[in-house]
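Since the structure comes first, as structure tokens, the remarks are kept for the end.
The values are calculated or read from the model by the stated rules, or taken from the named source; none is laboratory data. Just so we're clear, the structure is a prediction, and the values are computed from it rather than from any experiment. Every residue, glycine among them, receives a Cβ derived from its backbone with ideal geometry; neighbour counts consider all protein chains shown.
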Amino acid sequence: MGKTDTSVKMDRLNECLENKGLKSTRQRHFIAEVFFKTTTHINLEELLKKVKRKMPRVGYATVYRTMKLLTECGFAIERQFGDGQTRFENLPDGGHHDHMICVKCSKIVEFQNQMIEDLQIETARKLGFEVLRHKLELYGYCKGCAAKG
């Protein structure tokens, strides 16, 4: 039986910790496991609440430091969608994706569009620009909020 996605990530996290000369702690591992199983864009307070269900003594600073580490090790992406909150997202398995954000209810919709990706690459090439990374965020009203007027 093969390893789960989470166990593969945990193995890679252990390698990253070792390379950075950091200890592998039970709290750090549990926070990482909870995050790896998250399918939404989660902020620190939401993650802390989930972690505290099983480990009530974990503090905000531990969650913060662990997420900083997961970001440095390439497991998480830090996102800010204009509402003053920092959210974290698992590095997408399916490659790059973009976001649509509702300015009324804060709903976040992920999407992929190869035509947009190709157009961005072509435009950069024509202008002699080498793209290292990018993000596309569209702000507006989701279907539900638009219908409400």
Which of the residues belonging to the range 121-143 are part of a helix (DSSP H, G or I) and of a type outside the set (Lys, Arg)? 121, 122, 123, 124
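On the given criteria, is residue 67 free of Cβ contacts under 8 Å to residues at least 60 places away in the same chain and in a loop (DSSP other than H, G, I, E, B)?
Answer is no for this residue.
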Condition check: modelled with pLDDT of 85 or more, in a helix (DSSP H, G or I) and of a type outside the set (Phe, Trp, Tyr). Does residue 22 satisfy that? no
Cβ-Cβ distance below 6 Å, separation of 6 or more or different chains: which pairs start in the range 99-118 with a residue that is outside the structural domain of residue 85 (by TED's automatic domain parsing) and end on one that is charged (D, E, K, R) and surrounded by 16 or more Cβ atoms within 10 Å (Cβ to Cβ)? 111/98
Checked the range 70-114 for anything in a loop (DSSP other than H, G, I, E, B), in contact with a helix residue (DSSP H, G or I) (Cβ under 9 Å, 6 or more places away or on another chain) and among the aromatic types (Phe, Trp, Tyr); matches are 75
I'd like the residue in the range 51-64 that is over 16 Å from the mean Cα position of the chain (by Cα) and in a helix (DSSP H, G or I) and, out of all such residues, is surrounded by the most Cβ atoms within 10 Å (Cβ to Cβ). 51
Just name the residue that is nearest to residue 6 (Cα to Cα) out of those in the range 66-107 that are under 12 Å from the mean Cα position of the chain (by Cα), at pLDDT below 90 and among the basic types (Lys, Arg). 87
Residue, surrounded by the fewest Cβ atoms within 10 Å (Cβ to Cβ), within the range 92-149, restricted to residues that are of a type in the set (Lys, Arg) and over 19 Å from residue 76 (Cβ atoms): 126
Run residue 21 past the list (1) surrounded by fewer than 16 Cβ atoms within 10 Å (Cβ to Cβ); (2) under 16 Å from residue 88 (Cβ atoms); (3) small (Gly, Ala, Ser) and report the number of the one that doesn't hold. (2)
